[in-house]
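The next block holds one structure in the form of structure tokens; read it before the comments.
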Amino acid sequence: MNASVPDAFGETLAEDAPDVSIADALAILRRHYGLTGTARPLPGERDHNFHIQTEGEGEFVLKVSHPAEEAGFTDFQNKALDHILAVDPTLPVPSVRKSLAGDAQFAVSIEGAPQRIIRLVTYLPGQLLSRSPASEAQDRNLGIFLARLGRALRGFFHPAAGSDLLWDIRKVAKTRPMLAHISDARHRAMVERVIDAFEEHAAPVIPGLRAQIVHNDMNSYNVVMDASRPEMVSGILDFGDMIHSPLICDLAIGAVYRWPAEGHPLAPAARFVAGYQSVQPLEAEEIGILFHLIRARLALIANIASWQAERFPAKRDYVLRLATEVWTSLERLDGLSSADARRYFLDHSNPE
């Protein structure tokens, strides 16, 4: 079985990026932004990011893109953030800080390596969702926030929005070669069943659904909660997986990270969907495939993380950080029929 990444997805996940030191980051900050301070590396899948604390100018994230990242795609992110803040200034998203030359982004070569695109965005304070205690109110508020974000992006377009992306839930079947990296035969069979069900039941429906540019990655490491009120969303990060996609795909991704605890495995997801529907009601066809989309996202995580852990051993802990939750969710959802899941969403995800 060929376990390589499909060619259409480019090189940002297939090849590791040359390292960027703290000294490099501070030099870029001083030369191109006129700022001084401290830099702390932040974990990331393909880029190099630094939390910057300046002397009197606030906090930022310096983003050094993967060498294979195209300038059009980072421009897409910059323009999207500008659009969101213009449409809904109350939405807490990062804002772009321009360089001394007035550029939202520019390219530099670090120590003779290939050129990297540089950007600086404001840092959103708070506590990562992954470290915040879960609650029913939090489930609903996250759904509300994602719906507001979707509304703010409605009407926005950019030429890079149609890029091929490995994390595009619609293309989960293209990650079948990565099944070879899942060592547990039972887990491997479970992921294969999920992909088969997606291709049979969801894939034929998706082309007819409403679509727009969406965030596409509301995971528990991309959302910041209020440290004193963990049920309140204080920001969303990382617009690097944005894509033009059905709205229901964006919702399904966020629902995945409402990990089931006790009770019905879809209970937290249903509360999340109820919050979303209080702002953006869903259509019958969307609810009809939501269960398949949630499971497809879990399968995507399992395949990509297993492949990355083997290809990049140094990032193993980072890429497998959600492995326990992913396999637990897949196993619990494996016991549900799609009809029962659809009925549960219809009965429990209506806005109150």
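The values are calculated or read from the model by the stated rules, or taken from the named source; none is laboratory data. In this text the structure is predicted, and so the values were computed from the model without any measurement. Reconstructed Cβ throughout: ideal geometry from the backbone, glycine too, with neighbour counts over all protein chains shown. Side chains are part of the model used for accessible areas, which takes the heavy atoms of the whole protein and leaves out ligands, DNA and RNA. Shrake-Rupley method; radii C 1.70, N 1.55, O 1.52, S 1.80 Å.
Helix 22-33 versus the longest principal axis of the chain: what angle, 0 to 90°, nearest 10, using Cα atoms?
Between the helix axis and the principal axis of the chain, the angle is about 70 degrees.
Express the carbon and sulfur contribution to the solvent-accessible surface of the chain as a percent, rounded to the nearest whole number, probe 1.4 angstrom.
50 percent
With the Cα gyration tensor of the stretch 272-351 giving a ≥ b ≥ c as the square roots of its eigenvalues, does the rule (a/c under 1.5 for rounded; else a/b larger than b/c for prolate; else oblate) give rounded, prolate or oblate?
Verdict is prolate for the stretch 272-351.
Determine ³J(HN,Hα), in whole Hz, for all residues of the stretch 105-121 in sequence, where each value follows from phi through the Karplus function 6.51 cos²θ - 1.76 cosθ + 1.60 and θ = phi - 60°; x replaces Gly and Pro.
Calculated HN-Hα couplings, in order: 7, 7, 10, 9, 9, 9, 6, x, 6, x, 4, 10, 7, 10, 9, 10, 10 Hz.
State to the nearest 20 debye the size of the charge dipole of the chain about its Cα centre, where the only charges are +1 on K and R beta carbons and -1 on D and E beta carbons.
Taking the Cα centre of the chain as origin, the dipole is about 240 debye.
If the only charges are +1 at each Lys and Arg Cβ and -1 at each Asp and Glu Cβ, what is the size of the charge dipole of the stretch 167-324 around the Cα centre, to the nearest 20 debye?
So the dipole magnitude of the stretch 167-324 works out to roughly 400 debye.
On a 0 to 90 degree scale, rounded to 10, what angle separates helix 284-311 from the longest Cα axis of the chain?
Result, in degrees: 50.
Give me the angle, in degrees from 0 to 90, between the Cα long axis of helix 338-348 and the longest principal axis of the Cα atoms of the chain, rounded to the nearest 10.
Roughly 70 degrees, rounded to the nearest 10.
State the answer as a single residue: which of Ala339, Ser234, Pro204 lies farthest towards the positive end of the charge dipole of the chain, with beta carbon charges of +1 for Lys and Arg and -1 for Asp and Glu, about the Cα centre.
Toward the positive end, the furthest listed residue is Ser234.
Under 25 Å between alpha carbons, and skipping anything fewer than 8 positions from Lys315 in its own chain: which lysines qualify?
Cross-link targets: Lys63, Lys171, Lys174.
Of Gly112, Phe60, Ile195, which is farthest on the positive side of the dipole of the stretch 48-196, counting Cα position, with +1 on Lys and Arg Cβ, -1 on Asp and Glu Cβ, and the Cα centre as origin?
The listed residue farthest towards the positive side: Ile195.
Using the Cα gyration tensor of the stretch 196-352, with a ≥ b ≥ c the square roots of its eigenvalues, what is the shape: rounded (a/c below 1.5), prolate (a/b larger than b/c) or oblate (neither)?
Taking the square roots of the gyration eigenvalues as a ≥ b ≥ c, the stretch 196-352 is rounded.
Just to check I understand the Karplus step: with θ = phi - 60° and J = 6.51 cos²θ - 1.76 cosθ + 1.60, what whole-Hz values come out for the stretch 92-99, glycine and proline as x?
My calculation for the stretch 92-99 gives x, 10, x, 10, 7, 9, 7, 6 Hz in order.
Just check the stretch 235-305 against the gyration tensor rule for me: Cα atoms, a ≥ b ≥ c as the square roots of the eigenvalues, rounded for a/c under 1.5, and otherwise prolate or oblate depending on whether a/b exceeds b/c.
Here the stretch 235-305 falls in the rounded category.
Placing unit charges on C-beta atoms (Lys and Arg positive, Asp and Glu negative, everything else neutral), compute the dipole magnitude of the stretch 81-190 about its Cα centre in debye, rounded to 20.
Once rounded to the nearest 20, the dipole reads 280 debye.
Provide the per-residue ³J(HN,Hα) series for the stretch 79-84, in order, calculated from phi with Karplus coefficients 6.51, -1.76, 1.60 and θ = phi - 60°, each as a whole number of Hz, with x at glycine and proline positions.
Karplus-based 3J(HN,Hα) across the stretch 79-84 equals 5, 5, 5, 4, 5, 4 Hz.
Taking the Cβ of Leu29 as the centre, find all other residues whose Cβ is under 13 Å away and add up their charges (Lys, Arg: +1; Asp, Glu: -1).
With Lys, Arg at +1 and Asp, Glu at -1, the net is +2.
Accessible area per residue of the chain at 1.4 Å probe, in Å²?
42 Å²
For the peptides 258-264, 338-344, what is the packing order when you average, over each peptide's residues, the other Cβ atoms within 10 Å and list the highest mean first?
Highest to lowest by the protection proxy: 338-344, 258-264.
Of the listed values [x] 27.3; [y] 39.8; [z] 17.4, grab the one calculated as mean projected area of the Cα convex hull in nm² from the structure here.
So the structure-derived entry is [z].
Which order do the peptides 158-168, 246-256, 126-136, 61-71 come out in when sorted by mean C-beta neighbours inside 10 angstrom, highest first?
246-256, 61-71, 158-168, 126-136
How large is the helix-only mean residue ellipticity at 222 nm for the chain, computed as the sum of -39500 (n - 2.57) over DSSP H runs with n ≥ 4, divided by its residue count, in deg cm²/dmol to the nearest 500?
It comes out at -12500 deg cm²/dmol, rounded to the nearest 500.
Need the list of aspartates and glutamates near Lys98 for cross-linking: C-alpha distance under 20 angstrom, and skip anything on the same chain fewer than eight residues off.
By straight Cα distance, Lys98 reaches Asp24, Asp47, Glu55, Glu57, Glu59, Glu69, Glu70, Asp75, Asp82, Asp238.
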